[in-house]
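Below is one structure, written out as structure tokens; comments come after it.
The values are calculated or read from the model by the stated rules, or taken from the named source; none is laboratory data. This one's a predicted model, so the numbers in the text were calculated from it and none came from an experiment. Glycine gets a Cβ as well: all are built from the backbone with ideal geometry, and neighbour counts include every protein chain shown. We work out accessible area using only protein heavy atoms, side chains counted, and drop any ligands, DNA or RNA first. Shrake-Rupley method; radii C 1.70, N 1.55, O 1.52, S 1.80 Å.
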Amino acid sequence: MIIEFSRHAIQRMTERQVSKREVQNALINPDKLTEKSGNFLSIKLRMNGHLLLVSYKITEDIVKVITVIDTSKINKYLNP
């Protein structure tokens, strides 16, 4: 699997101190995965008690990460 990061995703990862390894882990082993109109949202619990949300698209063999969000709103995303 080839993972590409948009400029926006890289900027958000830097701002939120999220590593590429964390994003890869969320993509490979999500705690929850949703799909809407061809866009995917992978949700993974982080070590700091927050959630890591990774929005991405898949085209052929390429996963394009659109944005990365770190949130403390666990119940909103894991227990709707």
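Using only the C-alpha atoms of the chain, find the volume of their convex hull and express it per residue in Å³. Mind dumping the intermediate values first?
Numbers: hull volume 6.9 nm³, N = 80.
Per-residue hull volume (Cα only) is 86 Å³.
Test of understanding: what is the full-extension gain from Lys57 to Leu78, defined as 0.36 nm times their sequence separation minus their Cα-Cα distance? Numbers along the way, then the final one.
Working: separation 21, 0.36 × 21 = 7.56 nm, distance 2.08 nm.
Length gained, Lys57 through Leu78: 5.5 nm.
Taking the charge dipole of the chain about its Cα centre, with +1 at Lys and Arg Cβ atoms and -1 at Asp and Glu Cβ atoms, the residue from Asn75, Phe5, Val23 reaching farthest to the positive side is Asn75.
Any chance you could count the Lys pairs in region 30-80 whose alpha carbons are under 15 Å apart, treating pairs 8 or more apart or on different chains as valid? All intermediate terms of the calculation are to be shown ahead of the outcome.
Numbers: Lys32/Lys44; Lys32/Lys73; Lys32/Lys76; Lys36/Lys57; Lys44/Lys73; Lys44/Lys76.
Close lysine pairs found across region 30-80: 6.
In the chain, what percent of the accessible surface is made up of carbon and sulfur (1.4 Å probe, ligands and nucleic acids excluded)? Walk me through the numbers on the way to the answer.
Details: 2700 of 5390 Å².
The C+S portion of the solvent-accessible surface of the chain is 50 percent.
Summing +1 for each Lys or Arg and -1 for each Asp or Glu, what net charge is found among the other residues whose Cβ lies under 13 Å from the Cβ of Lys44? For residues surrounding Lys44, the net value is 0.
Quote the relative contact order of the chain in percent (integer), defining contacts as alpha-carbon pairs under 8 Å separated by 6+ residues. The partial results should precede the final answer.
Values: 132 pairs, mean separation 26.4, N = 80.
It rounds to 33 percent for the chain.
With every protein chain kept in place and ligands, DNA and RNA left out, what is the accessible area per residue of region 13-80? Probe 1.4 Å, answer in Å². Display every interim value, and only then the final one.
Numbers: 4460 Å² over 68 residues.
The answer is 66 Å² per residue.
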